[in-house]
Amino acid sequence: MINIDKNLIQQLNDRIQAGQDKELRAWASDLHATDIAEILDQMRLESASYLYRLLDTEVKADVLIELDEDQRADLLSGMTAEEIAGGVMGQLDSDDATDVLSELPPNKAEEVIGHLENDERASDIRDLLNYEEGTAGAMMAKELVKVQAEWTVTRAIREIRRQAEELHQVYTVYVVDTEDRLTGRLSMKHLLLGAESTRSKIAELQKEEGIVTILAQEPSEKATMLMERYDLVALPVVDSEQKLVGRITIDDAVDSIIEDAERDYQLASGISEDVESSDSVITLTRARLPWLLIGLIGGIGGAYVIGWFDIKENAEMALFIPLIAAMGGNVGVQSAAIVVQGLASSHINTNNLLRRLSKELGVGILNGLICGLIILGVTLLLNFGTSLSITVSLALLCVIIFAALFGTFVPLMLHRYKIDPALATGPFITTVNDIIGLMIYFAVGSLISGLILG
């Protein structure tokens, strides 16, 4: 693994200034595409473009996919449509080529497609561009190996050799009928070792049961869920007539899972846009400010709740306001996080809402009793008085139960109405629990400690 630091970037800039193209090519030839992409991400656009043009065509394609989106867009903006078509598109799988073209202005993307020499490839890319973002069709690649059921083993092997030239790796051989409908699958091992003779029909060898497929229009999240559930390295994609239209491979599934996890983490942290540390101050502020304002409003609401009650006669109650607010927020986020994780893996669905709430009620009661008894013992030990100790412990029990139920209910409802449930694990849960937790605290205080409404 290469150590990428300021010294390395400066050395490369010095070589570029000196015109040492031969040395730069030799140096880059020993590096992995991911390392080259990271280096280019840290260089100024002019230097990055210069170094990128020195790379071999195949390496260029691999590096382009690994680049940060902004850097990739900048590099492509300085290349002509003919350069992109001839120098990059021919080396990329159809799904990666589609991802790159989708980032270009529509006119330039169409111009790039027009410069592609392979008409079939151009047609495949146009087809993929028509699928809506976030669907299995937009995630799939057109390159795959398929044979027809009535072919002999000899013909199948000949066709597999021809089709495999476009693939980096053959995961599965798919079996289709004359209408291109998926009828089965076949492993290379079974094809080579399971046939009685080279004249055997593929229909005799194919495996028909247990084939997992996904419709092109279905969500990409379902594709990753299926691949995880059934331990698939490739998932065939079909249309409404069960015709084989593409495949989703494990590397694309992993990329999708990482992207979803990053997006959910940002939402849970109160960041409303997909941003990175390299983005501008304005972009970062725009992404973070909305939830900060919501938190600000929540803080004002909490102050207003405190203002409802006159705590001068029980000033010691103010000491436990941070405890009540923090515990409510923590429990709510814990419950929401478990539900969001379950929804993402399809272990939880909105059809078992009551069962989920009843289970969380049990967890909330148990955790509340334990924490309530601990705080009761501590406050009595510290001589806060029996009345205040009972108030704090009972209020904490009620707050934990409410927060657990609320943290479970909200993401389930968001999911039912097609809203990303990750929103529920962020400032929203914390803010609401702060306000309602304080209301519960002071309500219990008014009953037990005789706190007077202001």
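General observations
Results for (1) part of a strand (DSSP E or B); (2) more than 18 Å from Asp255 (Cβ to Cβ), shown as yes or no for each residue.
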| site | (1), (2) |
| --- | --- |
| Leu191 | no, yes |
| Ala195 | no, yes |
| Ile211 | no, yes |
| Gln217 | no, yes |
| Lys222 | no, no |
| Met225 | no, no |
| Glu228 | no, no |
| Leu232 | no, no |
| Pro236 | yes, yes |
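- Residue ID - nearest to the chain's Cα centre (by Cα), chosen from residues in the range 38-57 that are assigned to a loop (DSSP other than H, G, I, E, B) and of a type outside the set (D, E, K, R): Gln42
- Residue in the range 351-369 that is surrounded by 13 or more Cβ atoms within 10 Å (Cβ to Cβ), at pLDDT below 85, assigned by TED's automatic domain parsing to the domain that holds Phe428 and over 23 Å from Ile435 (Cα atoms) present: yes
- So Leu226, is it surrounded by 12 or more Cβ atoms within 10 Å (Cβ to Cβ) and within 19 Å of the chain's Cα centre (by Cα): yes
- Here Val254 fulfils each of the conditions (1) closer than 28 Å to Arg286 by Cα; (2) not assigned by TED's automatic domain parsing to the domain that holds Val170 apart from (1).
- Filtered residues of the range 107-131 (kept if without any contact (Cβ under 8 Å) to a residue 40 or more places away in the chain, over 13 Å from Met89 (Cβ atoms) and assigned to a loop (DSSP other than H, G, I, E, B)): Asn130
- Among the residues of the range 48-72, those that are over 17 Å from Leu101 (Cα atoms), crowded, with 16+ Cβ neighbours inside 10 Å and either not aliphatic (A, V, I, L, M) or not assigned by TED's automatic domain parsing to the domain that holds Ala85 (or both) comprise Ser49, Tyr50, Tyr52.
- Contacts under 7 angstrom Cβ, first residue in the range 44-71 being over 20 Å from Asp252 (Cβ atoms), partner charged (D, E, K, R) and assigned to a helix (DSSP H, G or I), 6 or more apart: Leu45/Asp74; Tyr52/Lys60; Leu54/Asp21; Leu54/Arg25; Gln71/Asp41
- Among the residues listed as Asp62, Asp70, Asp35, Asp14, the single one being assigned to a helix (DSSP H, G or I) and modelled with pLDDT under 85: Asp70
- The range 132-156, residues that are in a helix (DSSP H, G or I) and surrounded by fewer than 17 Cβ atoms within 10 Å (Cβ to Cβ): Thr154, Arg155
The values are calculated or read from the model by the stated rules, or taken from the named source; none is laboratory data. Here the structure is a predicted model, which means the values were calculated and not measured. As a convention, Cβ positions derive from the backbone with ideal geometry for all residues, glycine included, and neighbour counts pool all protein chains shown.
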